[in-house]
Protein chains: 2
Amino acid sequence: MEKGDNKGNLKKEIEDVLMSNLGSIGFIDSGVGGLTVVKEALKQLPNEKLIYLGDTARCPYGPRPAEQVIQFTWEMTAFLLKKNIKMLVIACNTATAVALDEIRAKVSIPVVGVILPGSRAALKATQKNEVGIIGTVGTVKSQAYQTAILSKSPTTKVISLACPKFVSIVESNESHSPIAKMLVAESLKPLKKENLDTLILGCTHYPLLSPIIQAYMGTEVKLIDSGAETVSEVSTLLDYFGIAAAPQRISLTHEFYTTGSPKMFQDIASDWLQLEKLNIKKVYLSTLSQ
Amino acid sequence: MEKGDNKGNLKKEIEDVLMSNLGSIGFIDSGVGGLTVVKEALKQLPNEKLIYLGDTARCPYGPRPAEQVIQFTWEMTAFLLKKNIKMLVIACNTATAVALDEIRAKVSIPVVGVILPGSRAALKATQKNEVGIIGTVGTVKSQAYQTAILSKSPTTKVISLACPKFVSIVESNESHSPIAKMLVAESLKPLKKENLDTLILGCTHYPLLSPIIQAYMGTEVKLIDSGAETVSEVSTLLDYFGIAAAPQRISLTHEFYTTGSPKMFQDIASDWLQLEKLNIKKVYLSTLSQ
């Protein structure tokens, strides 16, 4: 009887391991910024296995031409599709702005971007009907947030500002440094005179700077973390399509991949996610267009 | 030339009127509670035409047997399906708890309930991993919130409490009365000793009482308005399925139907929605089971 039970347990464990390798949620980003989305997913969707790919070697995406960002995004997507993901999150505003529609049209699993969730949350939060957006040059130039917000609410005033230096500060793990504080103040100065009550952090790297952004803008301005909002969309679609994972009997081993230095990735990820041991591997996507 | 322009304008206006009658979003509730969802929809989705049906004559649903609530919900659904709705929102927790799965399985348009959005928002908000739920007897008895929350996050502590007297207070337009304050304090007393930081208003009537609920529970407890969260899900699905309305060139005339007194409905709706002239009609659903 005891032996039978053990066999049963072993079988269950094997099933669990197999199941946990199926149907993960994939996240892609130009670097570590998408970890802000992962952090929310760990909190809101603790049953889900997550696989993350950060293209740190080619970060930042913000200043690159749209065609190149689309190509890089396809390379990351192809890498994760081989890992049996059931949903793909483009956890990067720049990539969402230029590549979401194309990728969504061509892959068979649900694909979620970060711009619509951020736009929706801003419309929900604003009382003054005036919303600010900060993002990379690529995101701001694409006007993707303006288009999304105005298509929903044509009377909303939308002000956007590119903050091209923020991503590098985060990727070099200097978010807590005095230089970060100076840079934030200098970059956001044009927004201080505006009447906005809601500011979209339109780049998944920016929440790592949110304490100093909040301090500079003042507590009356609500910061919208587009990544955190994206997890609500992911959860909605998992439920709607009936593909949410059941509670797991084993602890999940999430997988992290970077095209850059695993050490640097580990430092930032451990600090941000408050997890010590992460399963991080270096990968090579393409050497053609770095 | 001028004549032609006028003709063109007239044609556009006719098209707009025709279009505005197609593809509305339908909302059903046991009474006026679902107006808390409508209020958020007016804010977050100003391009969408809304059609609302409140079954005030048979309110409250909370104490009724599940079979009867399912029957009433089907009667309301059938009424709205004839009005060309593109999406149905069951803006009532009691009806969502017992009828959502069945209705979703049998109708061809997307159907959204209020329990999953409320559950997701609570998991997002709680820092202590302890969530309270207040609702009708029917909702609490169904354990629908517990099931939803624990299936997503098995370690979350969930405490629920039925507050059967709240709906009548709201439906009789006494939300601002001293008796409402006393009743809230008396009903919520068992929750005060709990360690929760998040409380789901698990009935769409309750947000009309939220100032006094917040005052009694204290500002450290975050109240989750399940209705407001539901509009985020509606918006997500409209975008995902590509059926969101474009900005309208004419002002929308939303439609409101009640099985009870249009006068009483008008008083509550005008106050809550801050709209003076509402298009409210009395309807008769079924006289068999009132």
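Just so you know, all these numbers are worked out from the coordinates, no wet-lab data involved. Note that the structure is predicted; figures quoted are calculated from it, not measured. In this analysis, Cβ positions are derived from the backbone assuming ideal geometry, glycine residues included, and neighbour counts consider all displayed protein chains.
Above 30 Å lies some portion of the pair distances; for chain A, what is it as a whole percent of all C-alpha pairs?
30 percent
I'd like the Karplus ³J(HN,Hα) series for segment B:142-156: coefficients 6.51, -1.76, 1.60, θ = phi - 60°, whole numbers in Hz, and an x wherever there's a Gly or Pro.
So the Karplus estimates, Gly and Pro as x, are 5, 6, 5, 5, 4, 4, 5, 5, 5, 5, 8, 9, x, 8, 6 Hz.
What number of lysine-lysine pairs in segment B:23-143 show an alpha-carbon separation below 20 angstrom, given a sequence spacing of 8 or more or placement on distinct chains?
Here the count comes out as 9.
Using a Gaussian network for chain B with springs between C-alpha atoms less than 10 Å apart, which of these wobbles most: B:Ser24, B:Ser251, B:Ser210?
With Cα springs under 10 Å in chain B, the top fluctuation among B:Ser24, B:Ser251, B:Ser210 is at B:Ser251.
Label points 7 Å out from Cα along the Cβ direction at A:Glu194 and B:Lys128: separation in nm?
Between A:Glu194 and B:Lys128, the simple spin-label model gives 3.7 nm.
How large is the Kirkwood hydrodynamic radius of the protein assembly as shown, in angstrom, based on all distinct alpha carbon pairs?
Taking the inverse mean of 1/r over all distinct Cα pairs, the protein assembly as shown comes out at 25.3 Å.
Which trypsin sites (Lys or Arg not before Pro) does segment A:72-121 hold that lie in a coil by DSSP with at most 15 other beta carbons within 10 Å?
The qualifying sites are A:Lys82, A:Lys83.
Over the whole of A:124-133, what's the average partner chain Cβ count within 10 Å per residue? Rounded to a whole number, please.
Averaged over the peptide's residues, the number is 1.
Please give the Cα centre distance for segment A:250-280 versus segment A:81-160, rounded to the nearest Å.
Here the two parts' Cα centres lie 26 Å apart.
Hey, got the average number of other protein chain Cβ atoms within 10 angstrom for residues in A:247-254?
So the per-residue partner count for this stretch is 1.
Using alpha carbons only, how many degrees (0 to 90, rounded to 10) separate the axis of helix A:226-240 from the longest principal axis of chain A?
Helix A:226-240 sits roughly 40 degrees off the main axis of chain A.
So between B:Glu102 and B:Ala66, what do we pick up on full extension, going 0.36 nm a residue minus the alpha carbon distance?
That works out to 11.7 nm of additional length.
Among B:Met76, A:Cys92, A:Leu45, whose Cα lies farthest out toward the positive end of the dipole of the protein assembly as shown, if unit charges sit on the beta carbon of Lys, Arg (+1) and Asp, Glu (-1)?
Positive-most Cα among the choices belongs to B:Met76.
Provide a whole-number value for the mean count of partner chain Cβ atoms within 10 Å of the Cβ atoms in peptide A:47-53.
Mean partner shielding for this stretch: 1.
Evaluated at 20 °C with a viscosity of 1.002 mPa s, what Stokes-Einstein diffusion coefficient in µm²/s does segment A:137-266 have when Rh comes from the Kirkwood expression over alpha-carbon pairs?
124 µm²/s
Please give me, ordered by residue number, the trypsin sites (Lys or Arg not before Pro) of segment B:149-250 that lie in loop per DSSP and have at most 13 other Cβ atoms within 10 Å.
Of the trypsin sites (Lys or Arg not before Pro), the ones in loops of segment B:149-250 whose Cβ has at most 13 other Cβ atoms within 10 Å are B:Lys193, B:Arg249.
How high is the FRET efficiency between B:Arg249 and A:Asn173 when r is their beta carbon distance and R₀ equals 41 Å, given to the nearest 0.05?
0.20
Return the single residue from B:Ile90, B:Ile109, B:Ile169 with maximal mean-square fluctuation; model: Gaussian network over chain B, springs between Cα atoms under 10 Å.
Taking springs between Cα atoms under 10 Å, the residue moving most is B:Ile109.
Would you report the distance distribution of C-alpha pairs in segment A:136-210 as whole percents per 10 angstrom bin, up to the bin with the largest distance?
17, 48, 28, 7
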